[in-house]
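Undergrad: A single structure is presented below for examination.
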């Protein structure tokens with residue numbers, strides 16, 4: 001039995017990775033916490049929903065249409081609203097992204113109503129047997145997507161010229177700007193890419209759970225737990241953190257009861273912050289004396 | 001002829017002519033000089049108006065005022081920690097819920113007098129804040145923000161499952177807890193005044209200076225011998241105390257309680273919105289922000305989505321274009337107006353006033 005929960009948690013963790021990668025990327029490059037991450041996820045799910053209701057496409061294939069839209073939204077948000085605020089510090093960015101979340105949440109309710117929606121596909125209700133345990137197919141897909149996303153991002157950041165520019169801008173924006181890197185452009189593209197990664201996560205949420213206009217904060221919190229455990233700003237940390245959180249959640253929930261699922265996860269978040277704020281892979285966090 | 005003899009003759013014509021000659025410029029100069037008096041005058045007037053509230057407000061309006069005063073208290077308390085202290089807390093919902101539940105549980109299970117339960121609710125919130133501070137205050141900036149959010153959500157999920165407090169269905173207060181509207185109105189007003197006085201005095205004290213020094217540069221403050229932990233801890237507990245009592249008042253008005261609304265993230269969201277829109281780290285800003293947000297909510301009551309949308313847009317606009325909030329915008333605009341009018345003093349005006357002085361001298 002315990003082994004089965006381990007496997008379940010492992011693949012559930014895959015889903016958690018896909019929702020958190022965008023958040024950790026944005027923090028890693030811009031030192032910015034995007035409080036609208038949940039709304040980016042849910043917004044992508046709504047977009048996929050709109051596409052699939054108009055065109056007869058599989059929700060995952062609808063990403064072909066959703067991804068460019070999300071990139072443009074992310075890029076525009078960063079260039080128009082967030083870039084000019086970066087020099088004013090993290091609090092300002094928190095307020096700004098928080099305002100964005102508020103606007104997005106209301107816009108969802110106005111356009112799509114307050115009902116819970118879900119994306120439908122032939123594989124949402126089926127399972128795959130792995131080591132004698134039946135895992136939801138969608139979690140397996142999410143797990144594969146998670147690994148692809150993290151490895152893909154890692155390759156982009158380490159192998160491409162653009163990736164070098166991103167890492168330079170992340171390390172020291174002023175120095176990067178002085179050697180001719182267009183830092184605002186890099187920031188814009190990174191936020192766009194984060195929105196794209198969130199589009200994958202959001203579509204997977206739509207396929208595996210339902211979503212409504214107010215689902216955002218719930219997923220934001222889950223993403224926080226993942227990236228705090230892995231180390232904020234670390235890609236590999238997000239991968240490992242997501243899987244670990246999935247396993248911890250499944251296993252402890254099987255011991256103390258499913259109604260304590262959220263309590264376990266959020267108490268765990270506070271616990272990590274107290275014991276090891278930099279997470280598993282993060283840079284050392286400065287703490288007050 | 002002594003001066004005192006002459007005055008009655010010479011002054012009347014002067015004072016008769018003065019109002020006619022009084023120009024924009026002089027008015028502005030007078031305003032600048034008496035700014036302090038105007039401020040105190042306005043404050044006393046507003047307080048009098050508020051104290052006499054029940055004589056001219058309807059029951060419905062009293063309830064609205066009660067809610068507005070609570071919003072103001074909440075915003076100001078958040079402002080102490082988030083604005084003056086620079087600790088962007090997303091966990092203040094925890095203290096609203098803790099205060100509400102303390103009052104509800106005490107009234108249901110003990111014979112404690114109602115007013116005492118309010119005090120205890122503040123104390124419980126403070127106690128929780130002290131624990132939270134010990135756990136999280138080591139963390140800087142966004143880490144603290146995330147930690148406080150995690151704590152508040154963990155508390156919510158705990159309350160949903162805790163059967164002693166009725167789990168997710170919550171509790172209903174005994175009928176003895178029902179206060180009349182006037183009493184609730186005065187309680188919320190008293191809490192608001194207490195909060196304002198405490199926070200304004202605190203911020204202007206050496207303690208407040210230490211707090212703001214830590215916000216601006218923690219290392220530099222530490223070099224100067226300001227230890228951040230005790231200062232932050234005290235600030236957190238004080239901030240939570242007022243929030244807790246406000247939570248207690250809110251449950252006395254609702255007379256029932258359930259975890260999802262008592263610990264709702266909306267509380268802290270509203271506190272932040274009101275503070276930022278009005279003017280973060282100012283003493284008047286949060287009050288103005290509360291008025292703006294509350295008015296917007298009430299005006300668009302049937303269209304709740306639209307009022308949220310508007311506040312969101314307002315928030316982005318303020319943070320992008322006027323980071324000091326509405327209050328700083330007003331103050332700066334007003335000062336600019338005075339300065340411009342002082343500079344615009346026309347040449348002929350100068351000569352007339354010169355002549356005036358001459359004539360006065362001649363007379364004397």
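The values are calculated or read from the model by the stated rules, or taken from the named source; none is laboratory data. These numbers come from a predicted model, not from an experiment. Positions of Cβ are generated from backbone atoms using ideal geometry, with glycine treated the same way; all protein chains shown enter the neighbour counts.
Undergrad: Of the residues A:55, A:95, A:66, A:72, only one is crowded, with 22+ Cβ neighbours inside 10 Å and either farther than 30 Å from residue B:215 by Cβ or in contact with a strand residue (DSSP E or B) (Cβ under 6 Å, 6 or more places away or on another chain) (or both); which? Step through it out loud before you land on a result.
TA: Details: A:55 fails: crowded, with 22+ Cβ neighbours inside 10 Å; A:95 fails: either farther than 30 Å from residue B:215 by Cβ or in contact with a strand residue (DSSP E or B) (Cβ under 6 Å, 6 or more places away or on another chain) (or both); A:72 fails: crowded, with 22+ Cβ neighbours inside 10 Å.
Only one candidate qualifies: A:66.
Undergrad: Next question. Tell me the helices (runs of 4 or more DSSP H) entirely within region B:126-222 that contain at least 2 residues that are within 14 Å of another protein chain (Cβ to nearest Cβ).
TA: Values: elements: B:141-161, B:181-204, B:206-216.
Hits in region B:126-222: B:141-161, B:206-216.
Undergrad: Let me ask something additional. Yes or no: region A:204-227 includes at least one residue that is more than 11 Å from chain B (Cβ to nearest Cβ) and closer than 16 Å to residue A:24 by Cβ.
TA: Looking through region A:204-227, at least one residue is more than 11 Å from chain B (Cβ to nearest Cβ) and closer than 16 Å to residue A:24 by Cβ.
Condition check ((1) crowded, with 19+ Cβ neighbours inside 10 Å; (2) more than 10 Å from chain B (Cβ to nearest Cβ); (3) on the phi > 0 side of the Ramachandran plot; (4) assigned to a helix (DSSP H, G or I)) across all residues:
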position: A:61; (1), (2), (3), (4): no, yes, no, no
position: A:79; (1), (2), (3), (4): no, yes, no, yes
position: A:109; (1), (2), (3), (4): no, no, no, yes
position: A:115; (1), (2), (3), (4): no, yes, no, no
position: A:124; (1), (2), (3), (4): no, yes, no, no
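Undergrad: Here's another thing I want to ask about it. Go through (1) modelled with pLDDT of 90 or more; (2) more than 19 Å from the chain's Cα centre (by Cα); (3) within 13 Å of another protein chain (Cβ to nearest Cβ) and name the single condition residue A:50 misses.
TA: All conditions pass for residue A:50, except number (3).
Undergrad: Answer yes or no as to whether residue A:145 is surrounded by 21 or more Cβ atoms within 10 Å (Cβ to Cβ), in contact with a helix residue (DSSP H, G or I) (Cβ under 7 Å, 6 or more places away or on another chain) and closer than 30 Å to residue B:268 by Cα.
TA: On the way: surrounded by 21 or more Cβ atoms within 10 Å (Cβ to Cβ): yes; in contact with a helix residue (DSSP H, G or I) (Cβ under 7 Å, 6 or more places away or on another chain): yes; closer than 30 Å to residue B:268 by Cα: no.
The answer is no for residue A:145.
Residues are listed down the side, and each one gets a yes or a no for (1) out of contact with any strand residue (DSSP E or B) (no Cβ under 8 Å at 6 or more places or on another chain); (2) crowded, with 16+ Cβ neighbours inside 10 Å:
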position	(1), (2)
B:143	yes, yes
B:154	yes, yes
B:157	yes, yes
B:169	yes, no
B:172	no, no
B:175	yes, no
B:187	yes, yes
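Undergrad: Kindly list the number of the only condition in (1) in contact with a helix residue (DSSP H, G or I) (Cβ under 6 Å, 6 or more places away or on another chain); (2) within 22 Å of residue B:142 (Cα to Cα) that fails for residue A:203.
TA: (2)
Undergrad: So which residues in region A:1-31 are within 14 Å of chain B (Cβ to nearest Cβ) and either surrounded by 24 or more Cβ atoms within 10 Å (Cβ to Cβ) or touching a strand residue (DSSP E or B) at 6+ places or on another chain (Cβ under 6 Å) (or both)?
TA: Applying the first criterion (within 14 Å of chain B (Cβ to nearest Cβ)) to region A:1-31 yields A:20, A:23-24, A:26-28, A:30-31.
Within region A:1-31, A:20, A:23, A:24, A:26, A:28, A:30 qualify.
Undergrad: Can I ask one more? Return a yes/no flag: does region A:239-262 have any residue that is surrounded by fewer than 24 Cβ atoms within 10 Å (Cβ to Cβ), more than 14 Å from chain B (Cβ to nearest Cβ) and within 13 Å of the chain's Cα centre (by Cα).
TA: Scanning region A:239-262, I find no residue that is surrounded by fewer than 24 Cβ atoms within 10 Å (Cβ to Cβ), more than 14 Å from chain B (Cβ to nearest Cβ) and within 13 Å of the chain's Cα centre (by Cα), so the answer is no.
Undergrad: Give B:73, B:63, B:110 a once-over and let me know the one that is surrounded by 23 or more Cβ atoms within 10 Å (Cβ to Cβ) and more than 14 Å from chain A (Cβ to nearest Cβ).
TA: On the way: B:63 fails: surrounded by 23 or more Cβ atoms within 10 Å (Cβ to Cβ); B:110 fails: surrounded by 23 or more Cβ atoms within 10 Å (Cβ to Cβ).
Of the residues listed, the single one that is surrounded by 23 or more Cβ atoms within 10 Å (Cβ to Cβ) and more than 14 Å from chain A (Cβ to nearest Cβ) is B:73.
Undergrad: What single numbered condition from (1) closer than 28 Å to residue A:74 by Cα; (2) crowded, with 24+ Cβ neighbours inside 10 Å fails to hold for residue A:273?
TA: For residue A:273, the exception is condition (1).
Undergrad: Tell me yes or no: at least one residue of region A:278-286 is surrounded by fewer than 23 Cβ atoms within 10 Å (Cβ to Cβ) and not in a loop (DSSP other than H, G, I, E, B).
TA: No, every residue in region A:278-286 fails to be surrounded by fewer than 23 Cβ atoms within 10 Å (Cβ to Cβ) and not in a loop (DSSP other than H, G, I, E, B).
Undergrad: Out of curiosity, is residue B:100 surrounded by 24 or more Cβ atoms within 10 Å (Cβ to Cβ) and away from every other protein chain (no Cβ under 13 Å)?
TA: Against the criterion (surrounded by 24 or more Cβ atoms within 10 Å (Cβ to Cβ) and away from every other protein chain (no Cβ under 13 Å)), residue B:100 qualifies.
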